[in-house]
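Participant: Sharing a structure with you now.
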């Protein structure tokens, strides 16, 4: 089959390449939409009050959080658990502060936010 693909005319190659390009373009658009949704959820939850993407504020940056969990199999589950309920957390100055969950409509929204955070490395 590969041999016949390589031997066939330019038409089949162009169709395959066009299909691949459509998939790549669609993937990039979908990823941007997920990133926009994650940032919107973080803003709605006032997450940026204490967190920044790449600089420490009152809480660690998302980049630092991603680096902390890099390569850990339970990273997504741990962050979803952390973001699912209210709890008291240590802040950068050593004090304690209430950490409220972002206002996710469903588990998929929260999972998208966690995946966005983990991709900040």
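Participant: What shape does the range 40-82 have by the C-alpha gyration tensor, where a ≥ b ≥ c are the square roots of the eigenvalues, rounded means a/c under 1.5, and otherwise prolate means a/b greater than b/c and oblate the rest? Please report the intermediate quantities before stating the final value.
Facilitator: Working: a/c = 2.59, a/b = 1.43, b/c = 1.81.
In terms of gyration-tensor shape, oblate.
Participant: Just want the ordering: 46, 52, from fewest to most Cβ atoms lying within 10 Å of their own Cβ. Show your work: numbers first, answer last.
Facilitator: Working: 46 12, 52 17.
Starting with the residue having the fewest Cβ neighbours, the order is 46, 52.
Participant: Hey, another quick one. Along the Cα→Cβ direction, 7 angstrom out, place labels at residue 100 and residue 86. What is the inter-label distance in nm?
Facilitator: 0.8
Participant: Short version: what are the Cα gyration tensor semi-axes of the range 55-120, square root of 5 times each eigenvalue, largest first, in whole Å? Don't skip to the end; give the middle numbers.
Facilitator: Working: eigenvalues 71, 51, 21 Å².
Over the Cα atoms of the range 55-120, the ellipsoid semi-axes are 19, 16, 10 Å.
Participant: In nm, give the distance between the simple-model label positions of residue 76 and residue 34, each being 7 Å from the Cα along the Cα-to-Cβ direction.
Facilitator: With each label placed 7 Å out from Cα toward Cβ, I get 0.8 nm.
Participant: While we're on this one: Residue 53 to residue 68: extension gain in nm, 0.36 nm per residue of separation minus the Cα-Cα distance? Before the final figure, lay out the partial values.
Facilitator: Numbers: separation 15, 0.36 × 15 = 5.40 nm, distance 1.40 nm.
Once the chain is fully extended between residue 53 and residue 68, it gains 4.0 nm.
Here, each number is a calculation from the coordinates, and none is a lab measurement. Here the structure is a predicted model, which means the values were calculated and not measured. Don't worry about glycine lacking a Cβ; one is built from the backbone with ideal geometry, like all the others, and counts go over all protein chains shown.
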